[in-house]
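Here's the structure we're looking at; comments come further down.
The values are calculated or read from the model by the stated rules, or taken from the named source; none is laboratory data. Quantities reported herein were computed from a predicted structural model and do not represent experimental measurements. Here Cβ is always computed from backbone atoms with ideal geometry, including for glycine, and neighbour counts include all displayed protein chains.
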Amino acid sequence: MNNYWKFGLLMAAIVGTLAWLAIGGIVQTSTYYKTVKELNAMSDQGKEMRLRVGGDIAPNSISRDGRLVRFTLVQDDARINVVYDGIDPLPDTFKDGALALADGKLQNGTFHANKIQAKCASKYEQKPTTAKPVGAHTT
Amino acid sequence: MENIGSLAILLAFCFAVYSVLGSLAGKWARRPFLILSAERAVYCIWALLTTAAGILVYSLITGDFRLAYVASHSNRAMPAVYKFTSWWGGQEGSLLLWAWVLSSYSMVVVYQNRRKFRDMMPYVTSVLMGTLTFFLILIAFVAKPFNVIMAGKGIVDAGDGQGLNPLLQYWTMVIHPPMLYMGYVGFVVPFAFAMASLITRQPGEEWIRTTRRWTLVTWMFQTTGVLLGAGWAYAVLGWGGYWAWDPVENASLLPWITATAFLHSVMMQEKKGMMKVWNMVLVSATFFLCIFGTFLTRSGIVQSVHAFAQSSIGTYFVGFLAIGISGTVFLILSRLDFLKSEAQLESVLSRESSFLFNNLVLLASCFAVLWGTLFPVISEKLTGEKISVDAPFFNRIEVPIAMFLMLLTGVGPLIAWRRSSFESLKRSFMWPLAGGAFVAAGLAIFGVHNIYALISFMLCTFVTVTVAIEFFKGAGAIQTKDGGSLIGAMVALTHRNTRRYGGYLVHMGVVLMFVGFTGNAFNQNTTVEVAPDESFQLGRYELRAGALESGQNDNYTWRRLPIHASKDGQSIGTLVPENRLYIAERQPMSEVEIRRRLNEDLYVNFAGMSADGQKAVIQAYVFPLVSWIWIGYWVVLFGTIICLTPSKTRLIFPRTEVVGMAEKHARVED
């Protein structure tokens, strides 16, 4: 019986540590998916949340201002202004009309993104690339 | 042409169904000829699928753009080798590859065991063919590789195709998908054997050895596939990383983890008759995770940069998984008496318990990866909010797990079976521990202060010393007995017990990979906009841009920027990163240039032109120790091949010893 206790305790310790690490990890890195409409409806409450929003890049909305890149995302008639201030250069696929995913935070109705993923609006199986791409392969 | 291909797939489907039903009916009605004909059907299926695949490849190479698949994955300008790899460049083709690889494996299994395991084979065949039937349903009725977009008579010229995604036009991509598929698909075979042994209540350990060998072979392919993917990400994607915890990467890692756990815990079953239920669970989990991984990449349920276009085939996978898992669970539960353990755990300090913890931790890591990958799906179901977790989540859990596993890698081989005492542990671990502490202290003095890196290097030294001690001790004994050189004695030692010493070599390879992973803690990078003749600094390197060159060929236009590099004032040559624009796909792509050295890689990426078009955007990185990951892989491969080589001395385990009258007639095999 003694042995069972020992094994049980050790296992509980290991699993407990890992669960603790996992919960901490989830709290720290959770990113909430939101639609553009939901973002517009959000007031100040979600300021600290890490958010991810997707939409089409409005034609002729991209403007560059030093390191900053400004553009507008459109999703079902809802629009939001995005400022990209990340470190990585934007992906090759980032252009007018492309589908883009932006990660960042909402401040005063403008979305401040630090990571952009973009996908060609091609009708074929074009896989997207990212600002920090992890690539496309066939598995 | 395409009609023959479609017909071949349809026929293969019929044959697979026949093979499943035939072998089961033959078994139940005791008709050996029916069983035999079901096995022959396996050969026919292989021939049919080879024909279908051959036609698809022929169409790709000759550029038959009437076919939808060819038009969207190939074009005229691509080099022939990439026209060939377009076979698995898209959904339909890669499913065909899946089916073809599975039929090839099945053929080998049926041929190898044509005189062995006669009572089990009908079930093995039916599990293999049942799985194949599922994939043939997909390619025969849902995702057809031979769809024609231009039908009708008199079409002479069919224009040009879309071409293969430029990211996939790279040499590792030629072998990465087939390797990964050989890994994924190969795990069907151990599963088939496990199920058959359950159904027939197979006595003895013969079948588990067959299963172990198959698992080892497929594990080798899976490892190769995963690392080729990592190498490709490193060399092609231009951000310098090799692993990003992307859902599809995770999907390939999950069955690898459970297979690794199985390869360890199966020793407990072979030597002690323990953990039988557990091994069944691991073999089944590996199989279902393979199917699940395929499902994850095809259905688009999680957002991934790898994922294929969303398609309807996800439902089919869910159905197959549901049926398969419930069947397996039922089978295991109904055979619990057959899977009873023959021994008890006696002590916390024992080899058994180290295996147990190894398995626990591997499974925990598998679960963590699965949880993180599916988190968006789970959270949406539970809270209505779609939440994703990022790479830091995975790193936070997996790094401590990996370190704990490293510790067990060192501890396991030295600790005694059944029970061990603190005294003997002290004796065995004094030198390895001293070595580890010495290296960590030395590094700390020379200015390494990253705590994870220090622990990692300490554990690496610890494992290295334990493995070295094992080799020297064994070789020393042989040398005293037979004479000869130390190297010769080590080769003889390895040959005597290939499984054990091959296993040590695999562990050494993993240690080398760890050294490479740890290098991550010391990465440096910078992004600059440079005009010709401007220079910038990165760590100890000074980099100066040369004159921009440009040109064009059939496939793409290119720009190159030579970068003259010098280190500590010494010139070390010129790196020429390239920026391409693929014409057919209208997609830009960067070709990085890497100066690979054992201590660190210098990595330069030409990311594009600045907004005003006057300056080039250059990303430069220094990645210490990355090369050791690839070196470690070769050691793992070498070790695995050693494991698969038969030993010179056949191992006789105590539990298979036969004594008394029966001894004369008994034959004990490895």
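Let's see how each residue does on (1) more than 7 Å from every other protein chain (Cβ to nearest Cβ); (2) of a type in the set (S, T, N, Q); (3) more than 21 Å from B:Cys366 (Cα to Cα); (4) not in a helix (DSSP H, G or I):
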| residue | (1), (2), (3), (4) |
| --- | --- |
| A:Lys6 | no, no, yes, no |
| A:Met11 | no, no, no, no |
| A:Ile14 | no, no, no, no |
| A:Gln28 | no, yes, no, no |
| A:Tyr33 | no, no, yes, yes |
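So is B:Thr286 of a type in the set (Ser, Thr, Tyr), modelled with pLDDT of 90 or more and touching a Gly at 6+ places or on another chain (Cβ under 8 Å) or not?
Here the answer is no, as B:Thr286 does not meet what is asked.
Filter the range B:515-544 for residues that are surrounded by fewer than 17 Cβ atoms within 10 Å (Cβ to Cβ) and among the hydroxyl-bearing types (Ser, Thr, Tyr); which is farthest from the chain's Cα centre (by Cα)?
For the range B:515-544, the residue satisfying everything is B:Ser535.
Scan the range B:231-252 residue by residue and report those that are crowded, with 22+ Cβ neighbours inside 10 Å, more than 9 Å from every other protein chain (Cβ to nearest Cβ) and among the aliphatic types (A, V, I, L, M).
Listed by number, the list is empty, since nothing qualifies.
Considering each of B:Ala230, B:Ala261, B:Ala244 in turn, give the residue that is in contact with a Phe, Trp or Tyr (Cβ under 7 Å, 6 or more places away or on another chain) and small (Gly, Ala, Ser).
Details: B:Ala261 fails: in contact with a Phe, Trp or Tyr (Cβ under 7 Å, 6 or more places away or on another chain); B:Ala244 fails: in contact with a Phe, Trp or Tyr (Cβ under 7 Å, 6 or more places away or on another chain).
So the residue among B:Ala230, B:Ala261, B:Ala244 that is in contact with a Phe, Trp or Tyr (Cβ under 7 Å, 6 or more places away or on another chain) and small (Gly, Ala, Ser) is B:Ala230.
Looking at (1) of a type in the set (Ser, Thr, Tyr); (2) over 20 Å from A:Val15 (Cα atoms); (3) crowded, with 20+ Cβ neighbours inside 10 Å; (4) more than 13 Å from chain A (Cβ to nearest Cβ), which is the only condition B:Ser388 fails?
Answer for B:Ser388: the failing condition is (4).
Counting just the residues of the range B:584-612 that are part of a loop (DSSP other than H, G, I, E, B), in contact with a strand residue (DSSP E or B) (Cβ under 6 Å, 6 or more places away or on another chain) and over 14 Å from B:Ala235 (Cα atoms), which one comes out nearest to the other protein chains (Cβ to nearest Cβ)? Give the steps one after another, and end with the answer.
Here is the first cut: in the range B:584-612, the ones part of a loop (DSSP other than H, G, I, E, B) are B:584-586, B:592, B:596-599, B:610-612.
Now restrict to residues that are in contact with a strand residue (DSSP E or B) (Cβ under 6 Å, 6 or more places away or on another chain): B:592, B:610-611.
From what is left, the residues that are over 14 Å from B:Ala235 (Cα atoms) are B:610-611.
On the way: B:Ser610: 9, B:Ala611: 5 Å.
Ranking the candidates gives B:Ala611 first.
Take the residues in the range B:161-185 that are among the β-branched types (Val, Ile, Thr) and more than 10 Å from chain A (Cβ to nearest Cβ), then tell me which one is nearest to B:Thr85 (Cα to Cα). Let's see the steps before the verdict.
Residues of the range B:161-185 that are among the β-branched types (Val, Ile, Thr), as a first pass: B:172, B:174-175, B:185.
Okay, now just the ones that are also more than 10 Å from chain A (Cβ to nearest Cβ), so B:174-175, B:185.
Details: B:Val174: 6, B:Ile175: 9, B:Val185: 18 Å.
Restricting to residues being among the β-branched types (Val, Ile, Thr) and more than 10 Å from chain A (Cβ to nearest Cβ), the top hit is B:Val174.
Of all the helices (runs of 4 or more DSSP H) wholly in the range B:1-102, which have at least 2 residues that are among the polar types (S, T, N, Q) and out of contact with any His (no Cβ under 9 Å at 6 or more places or on another chain)?
Details: elements: B:2-28, B:32-62, B:68-73, B:80-85.
It comes to B:2-28, B:32-62.
Restrict the check to the range B:454-475 and report whether at least one residue is in contact with a helix residue (DSSP H, G or I) (Cβ under 9 Å, 6 or more places away or on another chain) and loosely packed, with under 15 Cβ neighbours inside 10 Å.
The answer is no; no qualifying residue exists.
What residue, of B:Phe394, B:Phe367, B:Phe330, is within 11 Å of chain A (Cβ to nearest Cβ), over 27 Å from A:Asn2 (Cα atoms), free of Cβ contacts under 8 Å to residues at least 40 places away in the same chain and of a type in the set (A, V, I, L, M, F, W, C)?
After ruling out the rest, the residue left standing is B:Phe367.
Given (1) facing chain A (nearest Cβ under 8 Å); (2) at pLDDT below 80; (3) surrounded by fewer than 20 Cβ atoms within 10 Å (Cβ to Cβ), where does B:Leu349 come up short, assuming only one miss?
Of everything listed in (1) facing chain A (nearest Cβ under 8 Å); (2) at pLDDT below 80; (3) surrounded by fewer than 20 Cβ atoms within 10 Å (Cβ to Cβ), B:Leu349 misses just condition (1).
Within the group B:Phe422, B:Phe394, which residue is in contact with a helix residue (DSSP H, G or I) (Cβ under 6 Å, 6 or more places away or on another chain) and more than 20 Å from B:Tyr501 (Cβ to Cβ)?
Details: B:Phe422 fails: in contact with a helix residue (DSSP H, G or I) (Cβ under 6 Å, 6 or more places away or on another chain).
Answer to the check: B:Phe394.
Rundown of residues vs (1) β-branched (Val, Ile, Thr); (2) crowded, with 24+ Cβ neighbours inside 10 Å; (3) within 14 Å of another protein chain (Cβ to nearest Cβ); (4) out of contact with any helix residue (DSSP H, G or I) (no Cβ under 8 Å at 6 or more places or on another chain), yes/no style:
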position	(1), (2), (3), (4)
B:Cys44	no, no, no, no
B:Val57	yes, no, no, no
B:Tyr69	no, yes, yes, no
B:Arg76	no, no, no, yes
B:Ala80	no, no, no, no
B:Phe84	no, no, yes, no
B:Trp87	no, yes, yes, no
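For B:Leu512, indicate whether it is out of contact with any Lys or Arg (no Cβ under 8 Å at 6 or more places or on another chain), surrounded by 18 or more Cβ atoms within 10 Å (Cβ to Cβ) and not acidic (Asp, Glu). Spell out the reasoning first.
Values: out of contact with any Lys or Arg (no Cβ under 8 Å at 6 or more places or on another chain): yes; surrounded by 18 or more Cβ atoms within 10 Å (Cβ to Cβ): yes; not acidic (Asp, Glu): yes.
Yes: the conditions hold for B:Leu512.
Here is a check on your reading of the model: is A:Pro133 at pLDDT below 75, at the interface with chain B (Cβ under 9 Å from one of its Cβ atoms), under 14 Å from the mean Cα position of the chain (by Cα) and under 30 Å from B:Val248 (Cβ atoms)? Reasoning before the result, please.
Numbers: at pLDDT below 75: yes; at the interface with chain B (Cβ under 9 Å from one of its Cβ atoms): yes; under 14 Å from the mean Cα position of the chain (by Cα): yes; under 30 Å from B:Val248 (Cβ atoms): yes.
Yes, satisfied.
Taking the condition of being outside any helix (DSSP H, G or I), surrounded by 15 or more Cβ atoms within 10 Å (Cβ to Cβ) and polar (S, T, N, Q), how many residues in the range B:314-346 meet it?
Residues flagged as outside any helix (DSSP H, G or I), surrounded by 15 or more Cβ atoms within 10 Å (Cβ to Cβ) and polar (S, T, N, Q) within the range B:314-346 amount to 1.
Report yes if some residue within the range B:422-443 is more than 14 Å from chain A (Cβ to nearest Cβ), at pLDDT below 90 and outside any helix (DSSP H, G or I); otherwise report no.
No, there is no match, as no residue in the range B:422-443 is more than 14 Å from chain A (Cβ to nearest Cβ), at pLDDT below 90 and outside any helix (DSSP H, G or I).
Of the conditions (1) facing chain A (nearest Cβ under 7 Å); (2) modelled with pLDDT of 85 or more; (3) over 30 Å from B:Gln269 (Cα atoms), B:Leu374 fails just one. Which one is it?
(1)
Residues to consider are B:Ala192, B:Ala244, B:Ala251; find the one that is more than 29 Å from B:Asn113 (Cα to Cα) and assigned to a helix (DSSP H, G or I). So that I can check it myself, show each step before the final result.
Details: B:Ala192 fails: more than 29 Å from B:Asn113 (Cα to Cα); B:Ala244 fails: assigned to a helix (DSSP H, G or I).
Going through B:Ala192, B:Ala244, B:Ala251 in turn, just one is more than 29 Å from B:Asn113 (Cα to Cα) and assigned to a helix (DSSP H, G or I): B:Ala251.
Taking the range B:22-47 on its own, how many of its residues are in contact (Cβ under 8 Å) with a residue 24 or more places away in the chain and more than 28 Å from the chain's Cα centre (by Cα)?
Matching residues across the range B:22-47 total 9.
For (1) modelled with pLDDT of 85 or more; (2) over 21 Å from B:Tyr541 (Cα atoms); (3) charged (D, E, K, R), each residue gets a yes or a no:
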| position | (1), (2), (3) |
| --- | --- |
| B:Gly573 | yes, no, no |
| B:Pro588 | no, yes, no |
| B:Arg595 | yes, no, yes |
| B:Leu598 | yes, no, no |
| B:Gly608 | no, yes, no |
| B:Ala611 | no, yes, no |
